[in-house]
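The values are calculated or read from the model by the stated rules, or taken from the named source; none is laboratory data. Since this is a predicted model, take the numbers as computed values, not measurements. Here the Cβ positions follow ideal geometry from the backbone for every residue, glycine too, while neighbour counts run over all protein chains shown.
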Amino acid sequence: MITGPPRSGKTTIIKKIIDYFCKVGGFSLGGFLTPEIRLNNKRMGFDIEDISSSKIIPFARVCTNNSKIKLGKYTIFIKNLDDYLLSLNVPNNNNHYIYIIDEIGKMELFSKVFEEFVNDLFSSNCNIIATIGQKLKHPIKDIIINLSNIYQFILSHENQQDIFNKIISIFH
């Protein structure tokens, strides 16, 4: 589990980990990223990007409609996330597979399907690398952080390389 304040580099380190394992081999990767969508240097929303297929699914956008599911200025497309998650098969008991989630956060947790998916994933024997909001207040965070086989890393700009090296060493 990688946590840290906003803009501490959580997504950046996840991408670096993905690049590393793609180059070195030995592990299959799955899971998803939630990259920012930017227009003229302004954040306009987020997508879901499947790591295996590179498929992009809209997840949240700055909207002015009357959607019931909003967080701040973002309308969240929960159905898109739910449909994506329901289409996944997560390998269990595979030591050469790493499942990546970027991120377990407020937006994602509007989805009960996501919450169940994360609970199931962390109850499995799958290798997982995930980011989670440092200030997130949700029971699932307490459950995950208190699992006996969880390493938690608190990321900052100053310790990114050290944390990267520690995470890589866990798998070697």
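Taking the stated definitions as given, is Asp82 more than 22 Å from Ile14 (Cα to Cα) and either among the acidic types (Asp, Glu) or at pLDDT 95 or above (or both)?
So Asp82 fits the description; yes.
Could you figure out which of (1) of a type in the set (Val, Ile, Thr); (2) over 21 Å from Glu36 (Cα atoms); (3) buried (at least 17 other Cβ atoms within 10 Å of the Cβ); (4) touching a Ser or Thr at 6+ places or on another chain (Cβ under 8 Å) isn't true of Ile154?
All conditions pass for Ile154, except number (3).
Taking the residues in segment 86-103 that are within 26 Å of Val24 (Cβ to Cβ) and not in a loop (DSSP other than H, G, I, E, B) as candidates, determine which candidate is farthest from the chain's Cα centre (by Cα).
Among them, the one singled out is Tyr97.
Can you list residue pairs whose Cβ atoms sit under 9 Å apart, with the first residue in segment 43-57 being under 23 Å from Lys70 (Cα atoms) and in contact (Cβ under 8 Å) with a residue 24 or more places away in the chain and the second being in a loop (DSSP other than H, G, I, E, B) and hydroxyl-bearing (Ser, Thr, Tyr)? Count only pairs 6 or more apart in sequence or on different chains.
Here the result reads Phe46/Thr34; Ile48/Thr34, each pair linking segment 43-57 to a residue that is in a loop (DSSP other than H, G, I, E, B) and hydroxyl-bearing (Ser, Thr, Tyr).
Name the one entry in Gly31, Gly72 that is exposed (fewer than 15 other Cβ atoms within 10 Å of the Cβ) and on the phi > 0 side of the Ramachandran plot.
None of the others qualify; the one that does is Gly72.
With (1) surrounded by 15 or more Cβ atoms within 10 Å (Cβ to Cβ); (2) at pLDDT below 95; (3) not in a strand (DSSP E or B) as the list, and Lys16 as the residue in question, which single condition is left unmet?
Here Lys16 clears every test but (2).
Restricting attention to segment 43-70, and to residues there that are in a strand (DSSP E or B) and in contact with a helix residue (DSSP H, G or I) (Cβ under 7 Å, 6 or more places away or on another chain), which single residue is farthest from Met107 (Cα to Cα)?
Ile57
Restricting the search to segment 90-123, which residues are acidic (Asp, Glu), touching a Ser or Thr at 6+ places or on another chain (Cβ under 9 Å) and under 18 Å from Lys79 (Cβ atoms)?
Selection gives Glu108 alone.
Being within 18 Å of Ile18 (Cβ to Cβ) and not hydrophobic (A, V, I, L, M, F, W, C): is that true of Asn127 here?
Yes: the conditions hold for Asn127.
Please identify the pairs in which a residue from segment 128-153 that is closer than 12 Å to Ile167 by Cα has its Cβ atom under 7 Å from the Cβ atom of a residue that is loosely packed, with under 12 Cβ neighbours inside 10 Å, counting only partners at least 6 apart or on another chain.
Tyr151/Ile170
In segment 81-117, what residues are hydroxyl-bearing (Ser, Thr, Tyr) and either surrounded by fewer than 15 Cβ atoms within 10 Å (Cβ to Cβ) or touching a residue at least 60 places away in the same chain (Cβ under 8 Å) (or both)?
Hits for segment 81-117 are Ser87, Tyr97, Tyr99.
Can you name the condition, by its number, that Cys22 falls short on among (1) within 27 Å of Arg61 (Cα to Cα); (2) in a helix (DSSP H, G or I)?
(1)
Just one of the numbered conditions (1) surrounded by 15 or more Cβ atoms within 10 Å (Cβ to Cβ); (2) more than 24 Å from Lys68 (Cβ to Cβ); (3) among the small types (Gly, Ala, Ser) is not true of Ser123; which one?
Unmet condition: (1).
Would you confirm whether or not segment 161-170 contains a residue that is surrounded by 19 or more Cβ atoms within 10 Å (Cβ to Cβ) and touching an Asp or Glu at 6+ places or on another chain (Cβ under 8 Å)?
The answer is no; no qualifying residue exists.
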